[in-house]
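Input: a single structure, listed below in structure tokens.
The values are calculated or read from the model by the stated rules, or taken from the named source; none is laboratory data. Fair warning: this is a prediction, and the values are worked out from it, not measured in the lab. Backbone-built Cβ (ideal geometry, glycine too); neighbour counts: all protein chains shown.
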Amino acid sequence: MKTMAMLRATMLAWIVLCGVATATDGRVGQAQSPDERAVAYTTPCGEPKALLTEIWIAGKDDAIPRRIRTFLGPPGDIWFTPGGKGIVYRQRGLSYTAFGSYLCGGREVPLVGDRTWRMSADDSDASLRPLTEDADLSAMAVDSATAVARTPDFEDALSLAERQVTQGALSGIDSALRLCAKAREMARRENFPAARRAYKAAARAFDALHRRYRKAGISEADCRSYVKALNRCADVDDDGLRQAVCRERVPVLGDLIRLYAQEHGDVLPSSLDTLYTWMEGRVDAQPDADVRARDVRVLRHLFHCASDPDESRRISFVYRTEAAGDSPALTCLWHRGVALNLVGQPEAFDLEAQALSADQVDSLTGVADACLAAGDMSRAILFLGGVAQQREKDADAYTRLGHACLKAEDYTRARWAFETAAHMSRGEVLSRAYYGLGLVCLAPPQDLSCPRGRIVWGKGCSCITRSTT
């Protein structure tokens, strides 16, 4: 939530300061001082993706520009202060490509939020000053002309030794990012100890950057935010790591919804099943068998939440084609204490994490009852499954889920829900769970993973055995 607030504050600042000097990953950005006697440049370093941004100053009478600072990440926005003696720089964080987003054009996820720094234009002040999130940039930075006839040759302004230090820094950043990628992959595979080790190793790699490559202009303050962010990832529990995986996937599902609408005359998919089937058709059209097999696996992971206890469930998320205003278009209910919501419109979906109170969980049961009454069994089961997940020790929640699955003739899931309820209850609640299991046993044999048989109460969760008759 703090990161989201920071991003909103960033957008507000950009609205206040229209026409700022901006550069994309492969282009030099410029800003001219108020007296037009100096120009500041942001130059990207790294291929194919900018990993560093150098800040250069060239005075009107300077034959060679001066590098005054280096920041991690691609080029951001740069301004001069009103007096022309200071520079304000909006830093963009290093990012990674979200899992599965290649299916819909790619999505970059920042490791840290954008930050704003103030520094001396002549580098007389050796300290960097990060500005607070609520800083009024309009009072300390001015919009200025950015079109400059000639861009200096920055490469020639550095010695061979300085260029080698910069290349070493780029290699160090790449290694740290590879460790981050390994951590995310281990978390996706639910190898959480390995994920934590990789996050810790990545944090150490970022911590070492400013010491090893201080001559490249990298500061300790710049690296510190990455160290803190990665250590926080390493310190969360298993459920927290699963939630992090889901936070990465849900926006990608939003991108797939947008892609579907673009190719169907702005008509949204009627259900996530429709979206999944459409994507399967696109995957099947791939001529390469290995690519098809890879994309099938990716689709399966994208549509299934890692915290959903039912690994066989094809789609774990609640989808609403009728969503309007602030209502979420897609919701994940499988993370205890929080709902992950995809809000907004397809052209600008946003991910929001909503803390779930006891009353809100109660309301989900009412929504599920309405779905049952309307005959929408799959959605009712998703809501009741979410309630059971939020109330992991509530036997009644699992019993209600079992009866919904029974009504949908999903006998395998019904049996699992009733067994789970039976193992956490006693008295009347236990009797209701046993009654549900009895109904499962009376179900048609061909629909049961365990054919009709007698109930044998004993240890363990598998309390239905095959009949010998």
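A few remarks follow.
- Considering the stretch 1-56, the residues that are acidic (Asp, Glu) and part of a loop (DSSP other than H, G, I, E, B) include one that is modelled with the lowest pLDDT, namely Asp25.
- Test for Ser357: is it under 26 Å from the mean Cα position of the chain (by Cα) and on the phi < 0 side of the Ramachandran plot: yes
- When residues in the stretch 184-215 are screened for being under 22 Å from Val109 (Cβ atoms) and either surrounded by 14 or more Cβ atoms within 10 Å (Cβ to Cβ) or modelled with pLDDT of 95 or more (or both), 22 of them pass.
- So Leu401, is it more than 30 Å from the chain's Cα centre (by Cα), over 17 Å from Cys305 (Cα atoms), assigned to a helix (DSSP H, G or I) and not aromatic (Phe, Trp, Tyr): no
- Restricting Asp239, Asp222, Asp207 to those that are in a helix (DSSP H, G or I) and within 17 Å of the chain's Cα centre (by Cα) reduces the list to Asp239.
- Residue check, Arg258 without any contact (Cβ under 8 Å) to a residue 12 or more places away in the chain and part of a helix (DSSP H, G or I): no
- Screening the stretch 57-120 for strands (runs of 3 or more DSSP E) wholly inside it with 1 or more residues that are touching a helix residue (DSSP H, G or I) at 6+ places or on another chain (Cβ under 6 Å) and either modelled with pLDDT under 85 or crowded, with 17+ Cβ neighbours inside 10 Å (or both) returns the ranges 66-72.
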